[in-house]
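Pasting in a structure now, in structure tokens, and then I'll have a few things to ask.
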Amino acid sequence: MNEIADRLAGVLVTAEDDLAREFEARLADSAKLAFRVAYSVVRQRQDAEDVAQEAFARAYRRFRQLRDRQAFRAWLVRMTWRLALDHRRAAKRRLTREDASVQLRPDVVHGESVAIEQERSARLWAAIDALPDRLRLVIVLGAIEGHSIHDIAALVGAPEGTIKSRLFDAREKLKELLQ
Amino acid sequence: MSDDHMDDVLKGLEAALAVEPSPEFAARVRARVSKESARRRAWPAWAAVGLATAAVVVLTVAAWPRRSPIAAQVTATRTPEPAASSSRMSPIAAPAPAPDRQIVKAATSRIARALRQHPAPEVLVPPGQAEALRTLLAGLSDGTIDPGSLATPPPDAAAALAPAPEIVIPPIVIPSMDARTAGTPGGDGSTGIRD
């Protein structure tokens, strides 16, 4: 009886080892992508890392269903995006409660033209934030790692025609907002 | 805003998003994942232990010797009901199962042994009547009391029984069932229930 139980446990542990190795490969492949997607929303390096880490932990729990590389990346991007939005909403609520004067803003850029750069950056992010979610996600993914329309369609889980249309709408909206 | 300017904006966005996570990021994620992994590894071990325990319990229950019907009857006969209660038993009550022959034999031999040890069975008399019984037995043994006189009641006791007065039962008068005089809802001859 104990022998059977030991053998069963051994088989399950071996399967778990395989899963962990496979997940390690996915982690190396997608860590930056998850971090950047989170950063595009929360604009704080530490917060973005926390969000991406949480997304990876959740991905690991569901990794058996997400073994396919493309499915994994798409799922990870969508999960990270949702978690980042939640995180940001929670941060905003916290700030409102504490009545703090600190606003969500990107990490401070150090350099010679700090003031100009900060202003440009603030305007850009304000415009990005003003976009509807569906447009914001495609324009951010297009700006990360040079994703093509085909890649974005796979990550978002929408047809390429829809992505093209959304990218066009996003550009037009950004033009309006930045004028 | 021109398209060229828009391209510059998007290039600026690309540059803003070309951030690198800290060197510790990957290590932190690995640590978190390994914690999850340890939790999942613990699961099969506990599952195996639980499975084995359940199997042992099931096998033990299956192999446990069942009580024989004789043992069950012995338990039933150890709590006999008094005779009075058995006479009051409902006629639909199920009859008690016949005792096993061996049990009856054992009980009989036990009673016989007790009778051999005490040939004159002990008679229990209430304390209030013990003195009267002793006097009666003494009178019977020395002949002062006639046993035949015990069967007839004493004369004064018979005289004390006065005849019972005659019971007079008045005739029962049944009132008329005429519905019109009764004043009931159906006094007009109807049943009082609407069709």
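Could you grab me the full set of residues in the stretch B:6-31 that are assigned to a helix (DSSP H, G or I) and within 8 Å of another protein chain (Cβ to nearest Cβ)?
B:6, B:9, B:10, B:12, B:13, B:14, B:16, B:25, B:26, B:28, B:29, B:30, listed by residue number.
Something else: Looking for something farther than 23 Å from residue A:123 by Cα, modelled with pLDDT under 85 and within 12 Å of chain B (Cβ to nearest Cβ) - is there at least one such residue anywhere in the stretch A:76-88?
no
Select the helices (runs of 4 or more DSSP H) contained entirely in the stretch B:82-150, then report the ones holding at least 1 residues which are modelled with pLDDT of 75 or more and surrounded by fewer than 10 Cβ atoms within 10 Å (Cβ to Cβ).
It comes to B:101-117, B:127-142.
Where the second residue is surrounded by 13 or more Cβ atoms within 10 Å (Cβ to Cβ) and not in a loop (DSSP other than H, G, I, E, B) and the first is at positive phi and lies in the stretch A:126-154, which pairs have Cβ atoms under 9 Å and are six or more apart or on separate chains?
From the stretch A:126-154, the pairs are A:145/A:32; A:145/A:33; A:145/A:36; A:145/A:151; A:146/B:14.
Quick one: which helices (runs of 4 or more DSSP H) sit completely within the stretch A:127-179 and have at least 1 residues that are away from chain B (no Cβ under 14 Å) and among the basic types (Lys, Arg)?
A:133-143, A:160-178
Restricting attention to the stretch B:162-186, and to residues there that are at pLDDT below 70 and not charged (D, E, K, R), which single residue is farthest from the chain's Cα centre (by Cα)?
Ranking the qualifying residues of the stretch B:162-186, first place goes to B:181.
Can you find even one residue in the stretch A:25-47 that is facing chain B (nearest Cβ under 9 Å), exposed (fewer than 14 other Cβ atoms within 10 Å of the Cβ), out of contact with any strand residue (DSSP E or B) (no Cβ under 8 Å at 6 or more places or on another chain) and modelled with pLDDT under 90?
Looking through the stretch A:25-47, at least one residue is facing chain B (nearest Cβ under 9 Å), exposed (fewer than 14 other Cβ atoms within 10 Å of the Cβ), out of contact with any strand residue (DSSP E or B) (no Cβ under 8 Å at 6 or more places or on another chain) and modelled with pLDDT under 90.
On to the next question. Being modelled with pLDDT of 90 or more, crowded, with 18+ Cβ neighbours inside 10 Å and either in the same structural domain as residue A:43 (by TED's automatic domain parsing) or in contact with a Gly (Cβ under 7 Å, 6 or more places away or on another chain) (or both): is that true of residue A:139 here?
no
The values are calculated or read from the model by the stated rules, or taken from the named source; none is laboratory data. Please read all numbers here as calculations on a predicted model, not as lab measurements. FYI the Cβ positions are ideal-geometry reconstructions off the backbone, even for glycines, and counts take in every protein chain you see.
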